[in-house]
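The values are calculated or read from the model by the stated rules, or taken from the named source; none is laboratory data. What you are looking at is a predicted structure, and each value in this text was computed from that prediction instead of being measured. Every residue, glycine among them, receives a Cβ derived from its backbone with ideal geometry; neighbour counts consider all protein chains shown.
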Amino acid sequence: MSKTVQITRYGGAEVLELVERAVGQPAAGEILLRHHAIGLNFIDVYQRSGLYALPLPLALGMEGAGVVEAVGDGVTHLQKGDRVAYASNPPGSYCERRVMPATHVCKLPDHISFETGAAMMLKGLTVQYLLKQCIPVEGLQAGDHVLFHAAAGGVGLIACQWAKALGLKLIATAGSDEKCQLALLSGASHAINYRTQDFAARVQEITGGQGVKVVYDSVGKDTWEGSLACLRRFGLMVSFGNASGPVPPISVAALAPKGLYLTRPSVFVYAHSRETTQAMADQLFEVVSSGKVNIHIAQRYALQEVRAAHQALEARQTTGSTILTV
């Protein structure tokens, strides 16, 4: 048996329930994993609320780290006793133990802790595909300006550091002066408090009226119009989240005056196979091991405190990464 957080209906944090669920043995292509730490992400909120509706009852959680207890037939890259971390579908990481597909599970280097592994996989792989693969048609070169919303969150702080390592001038937005300062300390070239400043106007000032090559936007509805205004000719709008609500229907004609590009990607479009997942993870492990990116874990909750964790995340009271401990 395993203590597991699940929902039987969509709603607020109150629908999260800690229950005992049976854990079987891994079938072909699966592993049995005991968690040491679990990552919390905004996609968990979307699934809990029903914005991203999945069949019920639903065990939540997309990210974790622990030790392999058994492997099923056909699993060759892992064995019993391996330290591992993952970002993976289907959801279900909010638990002590689980059986899950092995495809997206990667060996965790010995010098990276379980807590760091749990806090960085979904967020770090997201930053990898954003900065290294989901790039504007003219490419990204050292010295280019990029705009990154919610830059003091778990994804954002990794992005600030990784962008600096690539020589990019990342313009960060956040919802308080304290969060802006955290982004600057993490490598952002500029930081804008979007609650007190017009971020689109400020971006034009910073870039001398040129705009940025790419906007990475996980906020959604509240930042959509301003983000488009920040882009230069042939710029790329990357909408990869909906923290403030989904972007309303748009007219493609809005992209025409500057020949803009628009994409709505997700991490598993890029990490679509064992090989692509491992290649992305290798880059993440390398940049973390080098010290160029440090994983900032600012909040820790016990598994039974999951409701409080969700409430803090939704209220934008968190910075960096949040983990659940088991």
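Just checking, which of VAL84, VAL23, VAL67 is touching a strand residue (DSSP E or B) at 6+ places or on another chain (Cβ under 7 Å), surrounded by fewer than 19 Cβ atoms within 10 Å (Cβ to Cβ) and assigned to a strand (DSSP E or B)?
Numbers: VAL84 fails: surrounded by fewer than 19 Cβ atoms within 10 Å (Cβ to Cβ); VAL23 fails: assigned to a strand (DSSP E or B).
Just one listed residue meets the conditions, VAL67.
Determine whether the range 98-110 contains at least one residue that is in the same structural domain as VAL19 (by TED's automatic domain parsing), touching a strand residue (DSSP E or B) at 6+ places or on another chain (Cβ under 6 Å), within 22 Å of ALA27 (Cβ to Cβ) and among the hydroxyl-bearing types (Ser, Thr, Tyr). No, the range 98-110 contains no residue that is in the same structural domain as VAL19 (by TED's automatic domain parsing), touching a strand residue (DSSP E or B) at 6+ places or on another chain (Cβ under 6 Å), within 22 Å of ALA27 (Cβ to Cβ) and among the hydroxyl-bearing types (Ser, Thr, Tyr).
Residues in the range 280-289 that are exposed (fewer than 14 other Cβ atoms within 10 Å of the Cβ) and either without any contact (Cβ under 8 Å) to a residue 60 or more places away in the chain or in contact with a Gly (Cβ under 9 Å, 6 or more places away or on another chain) (or both): 2 in all. Got at least one residue in the range 42-63 being crowded, with 22+ Cβ neighbours inside 10 Å, in a strand (DSSP E or B), in the same structural domain as THR318 (by TED's automatic domain parsing) and not small (Gly, Ala, Ser)? Yes, there is a match, as at least one residue in the range 42-63 is crowded, with 22+ Cβ neighbours inside 10 Å, in a strand (DSSP E or B), in the same structural domain as THR318 (by TED's automatic domain parsing) and not small (Gly, Ala, Ser). Quick check: is even one residue across the range 2-18 touching a residue at least 12 places away in the same chain (Cβ under 8 Å), in contact with a Pro (Cβ under 7 Å, 6 or more places away or on another chain) and under 27 Å from ALA281 (Cα atoms)? No, there is no match, as no residue in the range 2-18 is touching a residue at least 12 places away in the same chain (Cβ under 8 Å), in contact with a Pro (Cβ under 7 Å, 6 or more places away or on another chain) and under 27 Å from ALA281 (Cα atoms).
If the condition is being crowded, with 17+ Cβ neighbours inside 10 Å and more than 17 Å from the chain's Cα centre (by Cα), then the range 308-326 contributes only VAL326.
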